[in-house]
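Contents: one structure, followed by commentary.
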Amino acid sequence: MAPKLMLDGIRVLDFTHVLAGPTCTRLMVELGAEVIKVEPLAGDMVRTMPALKDGHSGYYVQQNRGKKSLCMDLRSPKAQEIIHGLVPQMDVVVENFTPGVMARLNLDWPRLSRINPGLIMCSISAFGQSGPLSGLPGFDYIAQAYAGVIDMIGEAEGSPYFAGLGLGDVSTGAHAFGAISAALFHRLRGGPGQYLDIALLDCLFHCHEINVQGYDGSGGAFVPKRTGAHHGAVAPIGLFKGKHKWLVIIALGKQWESLCAVIGREDMLGDPRFADNAARTANRHLIVEAIERWLQSTPSDEEAVRILEAAHVPVAPVLSVPEAMAHPHLKGRQTVRTVEDRVFGELKVPGMPLKFSAFPQTLDLQADFLGESNAEVLGRYLGMTDADVASLTKEGVLGAGTVRGS
């Protein structure tokens, strides 16, 4: 008999939308959990986001494959009764509304935990469920701004920048997945259900590796600042201009000696201006000049990378997204993955980042059209008939297919 999937039998009621929450529940469904995604009558807003094909969203496909779409107007008392009927049969509830919304919908933790004391409920929000900012709506970049992340990106004397991808949302979704997994394990050992409060701000601030303790531990002598293409506290770490591409080069410890040998600058090893990290950081501009002069002298950026790799100096070309998607390493590990979708056909998406020796195969999952699983979910869990579902749809309690292609 084939082994069960790791989260086989775990049932999740998913009230999430856009990215942070759906990332969390996507990881769960990839490991075999049954995820019932509760969508408003208009659908998750990303159903209208590109890439679009026949009104079907690739964004939605990427984040929601394998989830069962249950479409309803949660403002309706009848819809709330349906949710209250489903909760006793669920293990986990995940939501990422602004704090206070679930309470207004009669679906907050005090109510749901009374219905199911063993329930694990995870709330994902920009700022958390407590604190002066908690009641405010927020997105990834808003949390990045408050976390001191955006201030660390960009040129020293220029505008700060934000990264063009969902670092905060995806990181927070992964943190939430870890918290839920720990809570399920705790419950398995006899613990109670519990409430999890996961905030983008907390998870983003957690990413500061040197900035926070460096500032406090130095009594304020070290003030973290954005430094453009090069690290502000360690050298050499940064972006270096090659013949045609930018390269990331890092040389710490013995790697510094190897780098000096590769670029023909062994004289730097005995120069007091480069004697230790503090000196190298202070004279970083001289190191950058020496490295870039050598890069320009090489036959090609590819050859420069080959030479540095052979000397065990960490190096990488700065790839565009299409270049990364085509790279044999990413393809070989299924870091970029091709999935089959009913509308798109073959579609490349980021692959499953968690890899397990006992379950090496990824699941063949499909993204539901809006409300596609209404009858299945309500029939299986609440014993509703097709006539019941049709009546609730006519009343506007349930919905389906209000987004073209969904």
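The values are calculated or read from the model by the stated rules, or taken from the named source; none is laboratory data. Just so we're clear, the structure is a prediction, and the values are computed from it rather than from any experiment. Here the Cβ is made from the backbone with ideal geometry for all residues, glycine too, and neighbour counts use every protein chain on show. SASA here: full protein model, heavy atoms, side chains in, ligands and nucleic acids out. Shrake-Rupley method; radii C 1.70, N 1.55, O 1.52, S 1.80 Å.
Within the range 33-88, the residues that satisfy the criterion of being within 19 Å of the chain's Cα centre (by Cα) and in a strand (DSSP E or B) are Val35, Lys37, Ser57. Only one entry of Leu378, Leu354 meets the criterion of being touching a residue at least 60 places away in the same chain (Cβ under 8 Å), over 23 Å from Met45 (Cα atoms), open to solvent by less than 70 Å² (accessible area, probe 1.4 Å) and assigned to a loop (DSSP other than H, G, I, E, B), and that entry is Leu354. Is there a residue being exposed (fewer than 12 other Cβ atoms within 10 Å of the Cβ), of a type outside the set (Gly, Ala, Ser), assigned to a helix (DSSP H, G or I) and at pLDDT 95 or above anywhere in the range 308-325? Scanning the range 308-325 turns up at least one residue that is exposed (fewer than 12 other Cβ atoms within 10 Å of the Cβ), of a type outside the set (Gly, Ala, Ser), assigned to a helix (DSSP H, G or I) and at pLDDT 95 or above. Taking each residue of the range 32-61 that is aliphatic (A, V, I, L, M) and looking for partners that are open to solvent by less than 50 Å² (accessible area, probe 1.4 Å) and modelled with pLDDT under 95 with beta-carbon atoms closer than 9 Å, six or more apart or interchain, yields Ala42/Val403; Leu52/Gly405. Within the span defined as the range 274-289, one or more residues are touching a strand residue (DSSP E or B) at 6+ places or on another chain (Cβ under 8 Å) and assigned to a helix (DSSP H, G or I). Number of residues in the range 146-182 that are within 30 Å of Arg104 (Cβ to Cβ) and either in contact (Cβ under 8 Å) with a residue 12 or more places away in the chain or of a type in the set (Asp, Glu) (or both) equals 15. Within the range 213-266, the residues that satisfy the criterion of being part of a helix (DSSP H, G or I) and free of Cβ contacts under 8 Å to residues at least 12 places away in the same chain are Gln213, Tyr215, Asp216, Gly217, Lys254, Cys260, Glu266. Taking the numbered list (1) open to solvent by 20 Å² or more (accessible area, probe 1.4 Å); (2) part of a helix (DSSP H, G or I); (3) in contact (Cβ under 8 Å) with a residue 40 or more places away in the chain in turn, Pro110 passes all entries but (3). With respect to Met102, is the statement that it is in a strand (DSSP E or B) and touching a helix residue (DSSP H, G or I) at 6+ places or on another chain (Cβ under 9 Å) true? Answer is no for this residue. One residue stands out among those in the range 317-340 that are under 22 Å from the mean Cα position of the chain (by Cα) and in contact (Cβ under 8 Å) with a residue 60 or more places away in the chain: the one that is nearest to Gly43 (Cα to Cα), which is Val339.
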